[in-house]
Structure formats: C-alpha cells, structure tokens
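The values are calculated or read from the model by the stated rules, or taken from the named source; none is laboratory data. Here the structure is a predicted model, which means the values were calculated and not measured. Each accessible area value is taken on the protein alone, full model and side chains, heavy atoms only, with ligands, DNA and RNA left out. Shrake-Rupley method; radii C 1.70, N 1.55, O 1.52, S 1.80 Å.
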Amino acid sequence: MFVCSCFGVTEEQVREHAEAGACTPRQIASLSKAGTDCGSCVRRIQGLLGRGGCSRRAVLQDAGPSAAETAEQPVGRAGTSEPESAGCAPAPSPAPEVADPPRLPVAV
C-alpha cells in the first residue's frame, strides 16, 4: 500500500529504510522524499516507525555534530542559547510631550 502518493513510496519501502537504520520521518524523507511535498503522509510514516525505534542520542549523532552540540547547550532568551540579556536594547524612553500649537484669533 502507498504511504506517499506524491512520490509513490510504499509501506514496504518505509519498513526497509527503517530496518536499514532510518528511525525518524526526516530520515525517511532524505532517503525516499516521502513527506517532502504535501506532508500528508508524515503521520503515517510516524505510525510505521513506531516509538522507540532509535534513541535520542542516535538521532542526534546521525544528524551531525552541530545538532548534538546544540542539544547540549542551555536554552536562553526565546529558545536560543543567548543569555537573557544578550542583544537586548534598553526600552525606549517615552516620547516627550509636545505643546499644542498657538491658536490664532478667529474673526466672527
């Protein structure tokens, strides 16, 4: 049965990739392109892979050293590794009050 109709990827192919070591939908996508077009098959791929296919460490090692290093860094401001105060400018001071322009007398 087809899992990805966009690229014609079958359940059998997903299982073969999983047996060869692919344990995340992203890894399946890099091998077969499944899930990279409309994305409707990603949940089906997750279901076929099941839980516990790979440890978190194996996934990080497979993704490369930058992902593993990033996972070990503390999280700071807005989900980044920057400290809370890094790159933050002080709040702007309020605008000075401007006096109303003088009114000219109007002839009636």
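Things to note:
- Linear extension gain, residue 16 paired with residue 43, 0.36 nm per residue minus alpha-carbon span: 8.0 nm
- Ordered by solvent-accessible area of protein heavy atoms (1.4 Å probe), largest first, the residues 108, 3 come out as 108, 3.
- Residues with amide H under 5 Å from that of residue 36, placed H, sequence gap 5 or more: none
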